[in-house]
Structure formats: C-alpha cells, structure tokens
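Structure first, commentary second.
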Amino acid sequence: MSAQRRSPAVSVARRKLLAGLAGSAVLAPFVPLLQAETLPGAPKRLILMFHPHGVIRDTWLPTGTVTNFTLSKTLEPLNAFKDKLLILDGLRLSAETTAGSDPALVGEPSGGPHTRNTSHLWSGAALDPNSSLFSRDATTFGWGLGTSIDQTIAQRIGTTAFRSLEVGVRPGGGNAPHNRMIYRAPGQPLSPEGNPKALFDRLFTGGMGGSALAEQLRQDRKSILDLVSADLQRLEPRVAREDSAKVQAHLDAIRAIETRLSSSAALCATPTAPADFDANANDSMPMVADLQIKLLASAIGCGLTNVASLQFDRNENSGTLFNWLFTETRAHHELSHLSDADALSKLTQIYTWYAKQLAALMTQLAAFPEGGGSALDNTLIVWCSEVANPQNHQTTNSPFVLAGGAGGALKMGRFLSYDNVQHNRLLVSLANLFGLDTVKTYGKTDVGSGPLTSFI
Amino acid sequence: MRRLNALQYANTVKDVLGVSVSLSSVLAEDEKVGPFNSNLLSPVGELHVDRYMSAAELVAANAVGQLKTLLPCDPVATGEAACAETFLTQTGARLFRRPLEDQERTAYLGLYTSARTAGRSFSDGISLLVRVLLQSPAFLYQIEAAPIGAPALLSGNEVATRLASFLWSSAPDAALQNAAMGGQLTTVDGLLTQARRLLGDPHGASTLASFHSQWLKIDRLPALQKDPALTPTFDAALSQAMLSETEHFADWVVRSGDGSMKSLFTQSNSFVDGALFDVYGMPKPAKVDPLIPVPLKQSERSGLLTQASFLTAHSHFGNTSPVLRGVVVLDSILCQAPPPPPPNVMAVPPAPIAGETTRERFDRHRTDPTCASCHSLMDPIGYGFAHYDTLGRYITDEGGKPVDASGEIKGTQDIDGPFNGAIELSQRLSGSHQVQDCMVSQWFSFALGRNLDKTRDACSLQGVKAAFAASDYNVRELLFAIVKSDAFRYRAPLEGGAP
C-alpha cells in the first residue's frame, strides 16, 4: 500500500548529480527528486501552522459565496493563491465543553483559555485536570490528554527520514503546555525547534554528506545510539510502570534517528548553513520566520518529511512587540484584549503579517516542481489559532484557513461557512483525507461523529 | 525517574570533565514544576535526543582538547588501553553517580577498542567514551530502584545523587560517593554531615542562585525588554547585573550570613555592579570588591523585594504594574495564588490617562465589581511598591504628584492590615508564619523536583516546619531539615503517584 512506500535507494546517483548545485544561494529551492508522482486520491503531506491570540473577525472574514469570494484585509497577502485556499468559518474549539456523558469532562477547564486551547487545537482533547504538575493562578493541571492530528497521520505517512518535523519561530518560554501544541501521544508533547541553525543541523548534517569526516560522524552516532538503546532496554524492566513509557519514548526517538542515519536520504544539495544568532530575541522574529519557512519548505520539497508543524510565538500572553510593523509599547497579548481603533488597526497588521508568512511558505513550496504541478499542490497547510476572538477568549468561529492542496483530493478555492460546528469534525476530515478511513471521532471532547459536511 | 535539568547537566559536565562550554542553546528547554525547572513528567522526543547527541559531541570535543587534565592516568606510562579503562571506570562512576555495571563497561570499552582497531587515535577513543556516557540513560536520568509495596530507604548512591542535585545542582563528588559506598548515608547523621559540607562548599552557590531566581521569577530578566525611550540604559549587561545581584545576595545571606529568612527580606546591604550603581542612585566607586556587599540606603531598600531585579522583572515594558508585583508577592511569597480572571473578562490593565498616577489608573479597574473581588487582594500589595519605577529606581513623585505608597494586606493568616511602602511590607512578610510555611513548601518542591503531595508528604512537611521554627527560621537549617525528612530519604512505591 502507499503508506508503506519508502524512498527507493536512488540517492547515491542523485547526490552526485546534485553535488554540482551545492554552491547555489543560501536555501534556494532545490530540484525535487523523489515521489514526484502524486499518490492517487491521497494527499501527500500535512503542515499545521499556528499563531497566537486569534484574529479580528471584521478584518479577517471573507465576503461572498462559496466559490466567488473576496479576501478581507488580513488575508489579502494570500490573494495570489486564492484558488489554493479553503477558508472555514463557523467551527468552534470546545476544550471547555461539559456536554456529553464523560464525567471527566465536567469540572474542566484547567489552565486558562490560551493554554488549554493550545493543546486542544490539534488534538481535540483537554489538559489533564488531575495532575498538579503545572499551576496557573489557583488552578493546577498537567499535559494535554490527546494525540495531535499530525502525529496520528504521521503513523501512516511518516515514512521519511523525519517522521514529523516540529518547527518554531520564537516558541520559547519553557517546556510547558502553553508552549506546546504537538502531542505524539497523551502526555507526550514534542518540542519545536526554534533555532534555524539547529534546525539546519538536524536536517542537513549528520546523516548526509559524502566526506570521510561526515561518514565517520554518522558511523559513530550509530554505534553510540546502539549502545544507548541496549542500555535503555536493560533499564526498562527495572523501572516502575509509569517510567517505562519514558524509556519507550526514548527508544522510539533513538530508532527514528537511527533510521534517519541509515537512510541514504541525501536528496538535495546541502544548502549553506544559516548563521548562529539569538533566535529568541524579539526583533529577530522576521529573520527567524524567513529562515524557518525556507528550511521547512526544503525539508518537504527534499523528501525529508511528510508531516510538519510551524508554531509562531508562544501561546500564552505573547510578549512580542511587532517593532517591524509599527511603534507600540504594548505587546501582542496586551493589544489583543483591546478594542479601540488604534489597537484594532495594529492587531490587523499583526495578523496580516502572519498571513504573509503563510504566503511565503506557499511560495517556497510552489518552487519545487512535482508531477504536473508543485509540492504546494501536494501539501495541505492548516492554519489556526488557539482562540477566535482574543478580546474575550471566545472560541466560536475559529479562523481556520487551509492552503495548498491535497493532491487533488480536496477542492480548493472555496469559502465554507458552518453553523457552530465542533472543530473535531475537521480533525476527522483530515484523518480521512490522509487515508485513515475508519476514523469517525477525534479527541476526548468530541461529542459528535463523522467528517465535516460538504468538505470533500 | 527525573531527567537532569540543563543546569544539572552543565554543572556535572563542568565538575566531572572540566568542560564549561555554554550549552544553553544546545540542550532543549526544561519542563517546569511550579516555578522550578524539573524534567519530571513528559518523555523525550526526537528533538531532545538529537540535542543530547549534539551536546555530547560538543562536550567531548572540548574534553579531549585538554586530554592531560581530563585523564586520571598517563597513557604513556600505564599504556593507552589500561588508561582508557581507568578513565572509563572513574569518569563513568562520577557521571552515572554509581559504579559502572560490568555489561556497561564491556560494551563501552568495545566502542573504544573497535575505534582503535580501525586505526583511530587514542583521543578519538576517549571522545567516543565521553559521548556514550553522556547519552546513556544512567547519566541523563536520576534512576532510583522502584520499591514494591512499602516505601524504601534510598540506597547510598541514590540519596547521594538527590543530595548533590539539591545542594549543588550537580553530581556527587568523590568524597560524597565514598561516603555513599561506605554506608554512611543511610543514617541521618551521616547524611547531615555531608549536607553541611556540600552547602558550605562554593558549589552550593549554584543551587542558591537557581532557587531564588526561579522562586522570585526573575529568571525572565535576560529575555525581558524595556521601552528604550524611557529606559535607555537597560541592556543585557544591566539585566545581568540585576540578576547577579539577587543571586549573590541570597547566597550570601543563606550560606555566609546569619541564614535567617528575616534577613532575606530586611537586609539592605547588597552586591552592586556596573550600571546598577546608577539605578540605586549611588556613585560608582573606582574599585568594586565582588565579595563585599555595599550598603544601600536603608530608607529605600530592604532585602529581595526592593532589589532592582524583582522590581524590573515584574514591571511592564513601559510602565510599572501594581498587579504584577502584587501577584508575585501573593503567589510566590505567600503561596496564596489569586484565582484566575473570570472567563470573558478583558485581562488588561486600564489604559493610562495623561496626568494620572499609576494608583489612580489601577483604582479605576477596581470600581468594576467582577475585577474588584481579586484585584482588591493584589493591587493594594502592589501599591506598596509605588516608590520604584520600571527599573527599580527610587522615585518620590510621579508626574508631579507625590508618591502614595500606602497599601494593604488582606486575606492572609497573620499579617493583614494597612502598611506604607515596600520596606514596611518586607518587614511584615519577614516575620509572617504564612511566609515561613510558604518558604518551606517552595524549598521542598525545589529539593524534590516535584509538587508536594498533601497526604503523602504531610508528616515530612510537619517535621520540616517544626525544625525551621526551632531554628528561628534559619534557611540553612530548613535545607538540612528537608534532607533529614522521610520524603527526601525514602522512595514511595509508584502507582501513578509522585516518586
């Protein structure tokens, strides 16, 4: 079946072929190589994109009909890609639901609106209310109790060197639920890589390159990881039951890295490494965004991963000052609770900037020819935020934008309006779209069943 | 099974391998338990393991760059293979905080031997050993045998690991390991002897700095930004000077001074450097002795809460906030976190109006009854800090109006009532039983790297509180009392509970 497809061992010749391109400009798009044909009826790749603190609905919502619509101010940067957008209005996040019969859901929520909806967004689950690991104000909570949809889908299509790639743009502030949206399994958050240099190193060194030194490093890493695996395996029966999950996760991670080191995954000419700079600094944000988007598109276009996420900023109380857009002493979160004309105008500029980042990602992906089109046609990007209306943390009418394409399986160029539908329906649709046909519900808070109507 | 936090990793590498390269951008971010960095719960992902691989490679490259100091033997005199084995045995025992098991020794030596057989250098072989040791679970995790049924006393090596990780944020040194192997740590007296030695050692400063910067939430200072128009002098050096002042001050009070909790809130001498002299309105002397505290104006300063680090970290970008300062006092110092804002409330301070003082501005949001219920607890404490601007500089008027620093404490067990200014507030806090109890919980949670369990830890907590009181609230004695407690010395059987 297609899910089992592996990169054929074409890359040695390919690597030689591409060696001549190695001197090209920093992170220039590469010639696409592998899997150039689209899987029949199934999309190939998924990217989840996140920015914090919702949108201003009045300047976000398109006007018009399903197929004949006009983008508003916020989404204007995407105008050139209008026929590759699918905008969904009327979906609701419901981490706070007390509906349904599960008593565990009553008495939630924990963690404050930004934090709980961050882990809820892609997993349809809530934070662990019975854990006292984290505290906020007078409430305590633990990690999210769901698996994010990208990780579920990665079980099927994560057959590349990287099962999935978590990329961040200033996602810092500690390994805590307000900074983590991707969950490999309940209670197992994955940290995004926020440093372009480190992301480059993960993607393009170690497993690749033909020099004797690089080959030595690769062999050393494999030998060492073998020994560490053996240590972990001997450890496992000795630890308490709840610790054996940690040992297992560590072993899984090592296996993934070993696979990567063993694969002849040199599908692209290695781009020049970005400089090492302070990627957490406020004013670095545009530069980090630019580099991370290019690296992410390269990873997709070069066949290093089929599943990725792109997290902008941290999710609770963003302290980001958008100095490159306007002069303002109040950071994004503080602004986002205001409703005066000045604040609304600045917020619209912030959200428009995020739309520009999506446009940049689409442009990069479109530069990789693939089949009759480009990598963009086979990459579905799903963009949303943890709240819909930041002023009051409302989560109805969450701003979902789907972009790119699903290899023809999803009709793009549409604007669909729903009437207060749980976003778990979309998560089910995504699972179905990526070949997980039997999925009917998704996430602990799901009180319905089936995919979104009129979606496919 | 806790995973080392970044500080413990870096300190261990420095103490055992003599490598002090910066790993802050190499290691992945730590999980937090309350305010404290502790990798308690979430398992590692691919990114963590990748980062551990890079960190090990970086450390190993630096370690073999100074091979002579790294090795416990002379490879020429003893033979390279024998010396490598000695290195592995000794260094492995320090990094794993227990002797290597035979299987480990054999497997790791195999790595060394095959590299040498393949014609690679001695230094390459040693480097491989360092790399495998630093990626092994025995180094990365604090592993304690899981008892069955009933709580079990930790083994000598296990309790030594807890002790060094608590008091040094590092691994046990040779003397502590010898005490462990000699069975001296299974008695309270033996454990205390080592605890006193460790806390008296300069390595203890790392833990004191780490605790106080996280407890007071001033560890956010390096990432903090200030409005350059209002505070042009605020840069990385000043921010670091602020952080260092408080870390140094707390260490000095607890480890070298009288050790009393009261002094932390009332002592006005401190460690000032660089542009911090300007912040405190003092002329910068020609020469600063970093070991001798400088007397600050007693009418303006009184301990931790009046230091620039605290006042700056809990201000906004361009203005001060009685809410931020009030919340930290309630949450961190009184252990009385205010409830979260009600849903659908606009959680932003009232917009400034020209000519209005900060107090007048914040008084406006307390006229709204939904806000008032909680803000009447936080804001009046925060008002007491009105004499300090966004950098903690002392001010007597705000926009032409004289500063009104009158405040009020409400809802506490023993220190309710009006007060005037942060000095009086600090004095009030310094003698409060609620603050003393809170200090016990905070240190306890830091020491164990987990939240306290109300039922399981009740007896230990009670004993520690009593010992703290008996010492007239001496923090040194508090730390020793924690070490003596059952919660520290025993491990509970695991059934979905805390280790």
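The values are calculated or read from the model by the stated rules, or taken from the named source; none is laboratory data. Small disclaimer: the values here were computed from a predicted structure and weren't measured. For neighbour counting, all protein chains shown are included, and Cβ atoms are generated from backbone atoms with ideal geometry for every residue, glycine included.
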Taking the range A:185-210 and keeping residues more than 9 Å from chain B (Cβ to nearest Cβ), outside any loop (DSSP other than H, G, I, E, B) and at pLDDT 85 or above leaves A:Pro196, A:Leu199, A:Phe200, A:Leu203
Can you run down the residue pairs with Cβ atoms below 9 Å, 6 or more apart or on separate chains, where the first is in the range A:339-363 and within 14 Å of A:Pro52 (Cα to Cα) and without any contact (Cβ under 8 Å) to a residue 60 or more places away in the chain and the partner is β-branched (Val, Ile, Thr) and buried (at least 19 other Cβ atoms within 10 Å of the Cβ)? A:Ile350/A:Thr320
Pick from the range B:49-88, criterion charged (D, E, K, R) and within 14 Å of chain A (Cβ to nearest Cβ), ranking: nearest to A:Ile254 (Cα to Cα): B:Asp50
Complete set of residues in the range B:141-153 that are in contact with a strand residue (DSSP E or B) (Cβ under 6 Å, 6 or more places away or on another chain) and crowded, with 18+ Cβ neighbours inside 10 Å: B:Tyr141, B:Gln142, B:Glu144
Can we say B:Arg120 is surrounded by fewer than 18 Cβ atoms within 10 Å (Cβ to Cβ), among the basic types (Lys, Arg), without any contact (Cβ under 8 Å) to a residue 24 or more places away in the chain and within 14 Å of chain A (Cβ to nearest Cβ)? yes
Checking B:Leu111 against (1) of a type in the set (A, V, I, L, M); (2) at the interface with chain A (Cβ under 9 Å from one of its Cβ atoms); (3) buried (at least 24 other Cβ atoms within 10 Å of the Cβ), which test does it fail? (3)
Output for the range A:290-333, where each listed residue is aromatic (Phe, Trp, Tyr) and surrounded by 24 or more Cβ atoms within 10 Å (Cβ to Cβ): A:Phe312
Sole residue being under 22 Å from the mean Cα position of the chain (by Cα) and either surrounded by 22 or more Cβ atoms within 10 Å (Cβ to Cβ) or of a type outside the set (A, V, I, L, M, F, W, C) (or both), chosen from B:Glu57, B:Glu29: B:Glu29
Any residue at all in the range B:348-355 that's crowded, with 18+ Cβ neighbours inside 10 Å, in a loop (DSSP other than H, G, I, E, B) and over 20 Å from the mean Cα position of the chain (by Cα)? yes
Residue set B:Gln240, B:Gln214; condition in contact (Cβ under 8 Å) with a residue 60 or more places away in the chain, in contact with a Pro (Cβ under 8 Å, 6 or more places away or on another chain) and polar (S, T, N, Q); output residue B:Gln214
Which of the residues that make up the range A:151-184 are in a strand (DSSP E or B), within 11 Å of chain B (Cβ to nearest Cβ) and in contact (Cβ under 8 Å) with a residue 60 or more places away in the chain? A:Phe162, A:Leu165, A:Glu166, A:Val167, A:Gly168, A:Tyr183, A:Arg184
Provide a single number: the residues in the range B:254-272 that are in contact with a strand residue (DSSP E or B) (Cβ under 8 Å, 6 or more places away or on another chain) and in contact (Cβ under 8 Å) with a residue 40 or more places away in the chain. 4
Residue list for the range B:372-394, restricted to those being buried (at least 21 other Cβ atoms within 10 Å of the Cβ), in a loop (DSSP other than H, G, I, E, B) and under 25 Å from the mean Cα position of the chain (by Cα): B:Phe385, B:Leu391, B:Gly392
Residues within the range B:294-343 that are aliphatic (A, V, I, L, M), more than 14 Å from chain A (Cβ to nearest Cβ) and either free of Cβ contacts under 8 Å to residues at least 24 places away in the same chain or outside any loop (DSSP other than H, G, I, E, B) (or both), tallied: 7
So, of the residues in the range A:223-248 that are farther than 24 Å from B:Ser127 by Cα and of a type in the set (Gly, Ala, Ser), which turns out to be farthest from the other protein chains (Cβ to nearest Cβ)? A:Ser244
Evaluation of B:Asp404 against (1) in a loop (DSSP other than H, G, I, E, B); (2) closer than 30 Å to B:Ala487 by Cα (one fails), failing number: (2)
For B:Ala275, indicate whether it is touching a residue at least 40 places away in the same chain (Cβ under 8 Å), crowded, with 16+ Cβ neighbours inside 10 Å and under 29 Å from A:Asn323 (Cα atoms). yes
On the basis of being closer than 21 Å to B:Glu300 by Cβ and either buried (at least 18 other Cβ atoms within 10 Å of the Cβ) or out of contact with any helix residue (DSSP H, G or I) (no Cβ under 6 Å at 6 or more places or on another chain) (or both), does B:Asp397 make the cut? yes
Report the residue count in the range A:427-456 for those that are among the small types (Gly, Ala, Ser) and within 18 Å of A:Gly405 (Cα to Cα). 4
